[in-house]
Amino acid sequence: MENKKQFFLEAYKLEIIKFGRFTLKSGIESPFYVDLRPLASDPHILKHLAAHMLHLTPSEGVDLLCGVPYAALPVATAMSLQSGTPLIIKRKEAKSYGTK
């Protein structure tokens, strides 16, 4: 993606960035909302977001990446693949099957 403007236009088209009145989990009202879930359906924009995020991440002292379940998992995975930094997954709820 050539520039930030193009990136944000693509994010808007995918409805990742929404404008209106939104009540956040904290109870605070916001004029916009960022929904990362649609990222998984567009590898191109996901790759570019991961690259931008990696640019903002310190180059030293990062041993692991972890995306907050569930919406940030695709971003963290893409960042891990691009940087070679190992990824861990933090479950939202306890697992009651398999190796637990």
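What follows draws every value from the coordinates through simple rules; no lab data is involved. All values reported here derive from a predicted model rather than from experimental measurement. Neighbour counts run over all protein chains shown; Cβ positions are idealised from the backbone, glycine included.
Hey, among the residues in segment 26-67 that are of a type in the set (Val, Ile, Thr) and within 14 Å of the chain's Cα centre (by Cα), which one's farthest from LYS13 (Cα to Cα)?
Of everything passing the filter in segment 26-67, THR57 is farthest from LYS13 (Cα to Cα).
Those residues that are assigned to a helix (DSSP H, G or I) and surrounded by fewer than 16 Cβ atoms within 10 Å (Cβ to Cβ), I need them from segment 48-100; list them, please.
Listed by number, the residues that qualify are ALA51, HIS52, HIS55, LEU56, LEU81, GLN82.
What are the residue pairs meeting all of these: first residue in segment 7-20, first residue under 11 Å from ILE45 (Cα atoms) and in contact (Cβ under 8 Å) with a residue 24 or more places away in the chain, second residue of a type in the set (Val, Ile, Thr) and part of a helix (DSSP H, G or I), Cβ atoms under 6 Å, and 6 or more apart or on different chains?
Going by the 6 Å Cβ cut-off, the qualifying pairs are GLU10/ILE45.
Within segment 82-91, track down each residue that is in contact (Cβ under 8 Å) with a residue 24 or more places away in the chain and either touching a Lys or Arg at 6+ places or on another chain (Cβ under 6 Å) or within 13 Å of LEU54 (Cα to Cα) (or both).
Correct list: GLN82, SER83.
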